[in-house]
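The values are calculated or read from the model by the stated rules, or taken from the named source; none is laboratory data. All values derive from a computational prediction rather than experimental measurement. Positions of Cβ are generated from backbone atoms using ideal geometry, with glycine treated the same way; all protein chains shown enter the neighbour counts. Heavy atoms of the whole protein, side chains included, go into the accessibility calculation; ligands, DNA and RNA do not. Shrake-Rupley method; radii C 1.70, N 1.55, O 1.52, S 1.80 Å.
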Amino acid sequence: MITDARPEDAETLGPLHLRNWLRTYLNPDAGIDESWIREHRGSSATTEGIAEWREFIEGTSRYPDLRFCRVVRSGPEIVGYLRGHREETVTLGPMYLLDHAQGHGLGGRMMTEFLAWAGPARIRLGVADYNERAIRFYRRHGFEIAGERYLWRGRMPTLPMTREAPSAGGPG
């Protein structure tokens, strides 16, 4: 079941975000090991990181046009989440779905909700260039690689992807 995130979900989302990074991004060839991930994403599981998640979630109620946060629940367990925000463009991320929750259309349904929220805006995201499953998923939803690979935090090979705003009108 996909629902709006609740402030109390921050207690789960902060540590879950770190666990997802540890499951998804370990890459010895790129120098991405557990200590590097903990250095750059470990704060999400700290008291401060959980407070940041709570503040973001609370902000979705105050600024629903600027912030988006949905979670996927399987009984009492949160098995996925999608977060985004709007500035000059819309930024998608993070988005994760635990392995056992994949393959059931939940990611696609979360993305559909996110795209409806974003409306006719340009959307951007960054994806690890070795996360081929995520790249394929984003392409299926209209995203394209939009520039050169860069090293996030000096190490993680990352591809910028965008989904351009739909053109007004169309052929006519």
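Key figures
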item: Theoretical gain in end-to-end length, E77 to T24 [0.36 nm per residue, Cα-Cα removed]; result: 17.1 nm
item: Heavy-atom surface of the range 1-67, accessible at 1.4 Å and reported per residue (Å²); result: 57
item: Global geometry of the range 63-161, whether rounded, prolate or oblate, following the gyration tensor of its Cα atoms and the 1.5 cut on a/c; result: oblate
item: Inter-probe distance in nm under a simple model that places probes 7 Å from Cα toward Cβ, at R140 and H104; result: 1.6
item: In Å², nearest 10: area of M161 left accessible to a 1.4 Å probe; result: 0
item: Å² per residue, accessible surface of the range 90-145 at 1.4 Å; result: 49
item: Cα-centre dipole for the chain with unit charges at Cβ (Lys and Arg positive, Asp and Glu negative), debye to 20; result: 400
item: The range 54-172, relative contact order in percent, only Cα pairs under 8 angstrom and at least six apart counted; result: 18
item: Rounded percent of accessible protein surface that carbon and sulfur make up, the range 61-122, 1.4 Å probe; result: 53
item: T3 - accessible surface, heavy atoms, 1.4 Å probe, Å² rounded to 10; result: 30
item: Karplus 3J(HN,Hα) series, Hz, for the range 123-129 with 6.51 cos²θ - 1.76 cosθ + 1.60 (x for Gly, Pro); result: 10, 10, 7, x, 9, 4, 5
item: Cut-off under 5 Å, modelled amide H: who pairs with R122 long-range; result: V90, A165
item: Per-residue [θ]222 nm for the chain (sum of -39500 (n - 2.57) over DSSP H runs n ≥ 4, rounded to 500); result: -11000 deg cm²/dmol
item: Identified option (computed volume of the Cα convex hull per residue in Å³; candidates (i) 160; (ii) 120; (iii) 131); result: (iii)
